[in-house]
Each structure stands twice: as structure tokens, then as C-alpha cells.
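The values are calculated or read from the model by the stated rules, or taken from the named source; none is laboratory data. Quick caveat, the model's predicted, so the values are computed rather than measured. Heads up, the Cβs are rebuilt from the backbone with ideal geometry, glycines too, and the neighbour counts pull from every protein chain shown. The accessibility values were calculated without ligands, DNA or RNA, using every heavy atom of the protein model including side chains. Shrake-Rupley method; radii C 1.70, N 1.55, O 1.52, S 1.80 Å.
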Amino acid sequence: KEIASFLEVENSKQKVQMSIHQFTNTCFKECVPTVDSGDLNAQEEQCLNNCVNRFLDTNIRIVKGLQSLN
Amino acid sequence: KEIASFLEVENSKQKVQMSIHQFTNTCFKECVPTVDSGDLNAQEEQCLNNCVNRFLDTNIRIVKGLQSLN
Amino acid sequence: KEIASFLEVENSKQKVQMSIHQFTNTCFKECVPTVDSGDLNAQEEQCLNNCVNRFLDTNIRIVKGLQSLN
Amino acid sequence: QITQELAVANATELVNKVTENCFKKCLNSPYADGNENCVDQCLAKYMRSWNVVSRAYIARIQQASTSGDI
Amino acid sequence: QITQELAVANATELVNKVTENCFKKCLNSPYADGNENCVDQCLAKYMRSWNVVSRAYIARIQQASTSGDI
Amino acid sequence: QITQELAVANATELVNKVTENCFKKCLNSPYADGNENCVDQCLAKYMRSWNVVSRAYIARIQQASTSGDI
């Protein structure tokens, strides 16, 4: 039983990690068009923040929309 | 034995489902450039139909071409 | 023990194969913009060669960069 | 139980693909504002596209199995 | 041991995504020359982006678990 | 038997990648007409590219294993 709950926690941590990889990949492409220094400027950082939040909003809205179809 | 044939049927149904996901993803990107209503217009629907059929034609031609190389 | 080493060899061969699929996919897109014959011209072939080598350079540089962060 | 797991895998794949596509079509960098109206219409269009693609693909499969071709 | 395997999977995913993104941003067909400076800065930007995205996502998860919503 | 399964996985991956790439290079929305000639040439070009990439990658692996570097 302890093993099962250990696996479950690891599994959900892993899902969060993989989502962060996916969001970084998507949002980096859109929010960081050029590489001229190693730092993020204020707009890039704001864009990355917005991007994650808008992506999650979209995801939630689509899940709710699909549930209402059933 | 019944379990094996059950699994095989489930497996091939699942492959069909995953192909539909892939084709919808590819063809939606190309055939539905804008979102201004929830309906598909006639051209979009025709394009989606063509897209699936041309994709399958291409797939079949490539499989045959690769077989003739062997 | 023989089985373990057989599996290991197969596994690393398979990884090389999958990398070749990935590099061909990436480099074909960039180096072969048009299809007007079945042959590669000299520029295309040179570009494919360069593409693989620059991709591997980038990969190695990033691995080293990440290791130096730890 | 396997059937149910496959249904979950299918639903997850659908949610992911719709989210990706509709995020790209409805939202733009720097992602300051959402666009729920567009997301709703995009979801409706995507589901209709899914149906069109599904019918076209299954028609091809049936045609191929009738003619003995694949 | 599972934890360690997941850490390896995460590191591999990160290396792959950074390589892909920075190869695309820093190098261009016909890939005659490398661009190590750009790759280094791109890696630094990607890691900073990863942190921004990570914080934003985890903030949303915590907010959702507090409000009882997902 | 494992070797055979890997060969099937490789062949499937090849078919999928060639289909995707040649569909994109040879066919365009609204997909009214096919383009078998282009698909055949594209397949030939893709296989030649596969060989170029393969040789370049394996040369790098051998070079790295000789010099003790990776």
C-alpha cells in the first residue's frame, strides 16, 4: 500500500514535470523570438507568464466544453 | 484465446482512433485557417475530406514504393 | 547474462536508428526545400551533412552547458 | 477495464490536440488577453472536423476491405 | 530507483527540447558555420524560461487546489 | 524476435516520417488533386537523405569513440 501511494505521488510529480517541459517548449518559441543575450527581458518574462496562464485557461475551457457535450 | 482476440480487436480499434486524431490534427491546421463561427463551411468540409483521402493515397504510394525497393 | 548484453546492444542500435530518423526528418525539411527530381543535388547533400554535424555540435554543447550548471 | 483505459487515452489525446490547435488559432503573443469566444467556436469546429475526418477515413477502410486492397 | 529513472527521463527531455529549440533559433540552412555564442545564450534563456514557466504553473496548481477548482 | 519487432518499429517510423514530409511538400490545401510524380521523387530524395544523414552520424559516432570523446 505504501508502494502504491509512493508510485502515485511520483507519477503526478512526473506529469507536472512533463507539462512544464511542454509549456516551456511552446511558450519559448512564441515569447522569445531572438537570442541576443542570456537574460530574459521584461516583455519576454511577462509573455511567458501570460502564455502559461492563457494555455491553462484554454485547456480548462476545452475540458469543460467537452464535458458539456456528453 | 478469447482474450487474445479481444486484445487484438481493441488494439486495431485503438490504432484507427489514433489515426483519426492524427489526421484531424494535420487536416484541421491546413483546411480551417480561421475561426469565425462554430460551423464548418462547404469549402472547409470538402478540404477536410480531400485531405484525408490524399494523405491516405500518399501513405499507400509510399508503402508500395518502399516495398519495391526491397 | 548473455541475454542482458544482447538486449543492451539491441537497445543502443535502436537508439541510433531513432536518432537517424529524427535527424533525417529535421534536416530534410530544412535542406530539401523543393522536389523536382529524385536525386539530391550537391548543395542539398552538403547541407544535410552540415545539418547533422551542427545538430550534434549543438547537442554536445548543451549537454556540457547543463553539466556545468550542476 | 482495458477498454476504459483506452477511452481515457483517447479523451486525453483529444483534449491535448484541441487545446494545442485552438491555443494557436485563438491566442497570440504576448498573450495579454484571453479569447473565450474564439476558443468555444474553435472547439465546435474541431469536433465537426473530427467527425468529417472520421467518416472519410472509415469509408476508405471499408472500401479497401471490400476491394481486398489496403 | 524509480525516482532516479524519472530524473534521467526529465534530463533527457530537457536536453532534447533545448537542443531542438536552440538549433532552430541559432543555426540556419545550409549550416556551413556553427554559432556557439548563440547556443550558450539560448541555453541560458531557455533555463530562465523554464523557471518562469515552472513558477507560473505551480502557482496556478496551488491556487486551484486552494479554491477547490482544477 | 525482439530484433524483428524493432525492425517493424523502424519501418513504421520511416513510413510515417516520409508520408508526413512528402504530403507536406507535394500536396496543398484544398487537396483537390494528387501528385503521384512528386510523391515518388520525394520518397527517392528522402531515402537518399536518410543515407547521407546515416553516414554522417555514424562517422561522428566512430570519430567520438576513437577519440574517447562523446
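Here the 3J(HN,Hα) profile of region A:16-27, calculated from phi with Karplus coefficients 6.51, -1.76 and 1.60 at θ = phi - 60°, is 4, 4, 5, 5, 5, 4, 5, 5, 4, 4, 5, 6 Hz, Gly and Pro shown as x. Taking the label point 7 Å along Cα→Cβ, D:Glu5 and its counterparts in the other copies are spaced 1.5, 1.5 nm apart, in ascending order. List the pairs from A:Lys13/D:Lys25; A:Lys29/C:Lys29; B:Lys13/B:Lys64; A:Lys1/B:Lys1; A:Lys13/C:Lys64; E:Lys45/F:Lys25 whose alpha-carbon separation is above 21 Å, in the order I gave them. Too far apart for the 21 Å limit: A:Lys13/D:Lys25; B:Lys13/B:Lys64; A:Lys1/B:Lys1; A:Lys13/C:Lys64; E:Lys45/F:Lys25. For region F:15-29, putting each phi into the Karplus relation 6.51 cos²θ - 1.76 cosθ + 1.60 with θ = phi - 60° gives couplings of 4, 4, 5, 5, 4, 4, 5, 6, 4, 5, 7, 9, 10, 9, 3 Hz, in residue order, rounded to whole numbers and with x for Gly and Pro. Across the alpha-carbon atoms of chain E, the computed radius of gyration and Dmax are 16.8, 55 angstrom. Accessible area of the protein assembly as shown with a 1.4 Å probe: how many percent of it is carbon plus sulfur? The C+S portion of the solvent-accessible surface of the protein assembly as shown is 51 percent. What sits nearest the axis between copies B and C, counting only chain B Cβ atoms, is the residue and whole-Å distance B:Lys29, 9. Compared with the dominant principal axis of the Cα atoms in chain F, helix F:36-67 is inclined by about 10°. Rg ratio for the protein assembly as shown: its Cα radius of gyration over 2.2 N^0.38 Å, N being its residue count, equals 1.06. Normalised by residue number, the volume inside the convex hull of the Cα atoms of chain C is 118 Å³ per residue. The C-F contact accounts for roughly 3100 square angstrom of buried accessible surface, both chains included, probe 1.4 angstrom. Rolling a 1.4 angstrom probe over the protein heavy atoms with all chains in place gives chain A an accessible area of 58 Å² per residue. Spatially, chain E and region A:19-34 are offset by 8 Å when compared through their Cα centroids. Starting from the label point of E:Gly34 at 7 Å along Cα→Cβ, the same points in the other copies fall at 4.6, 4.6 nm, in ascending order. Residue-wise HN-Hα couplings along region A:64-70, as the Karplus relation 6.51 cos²θ - 1.76 cosθ + 1.60 with θ = phi - 60° gives them from phi, are 4, x, 5, 5, 6, 6, 5 Hz; Gly and Pro carry x.
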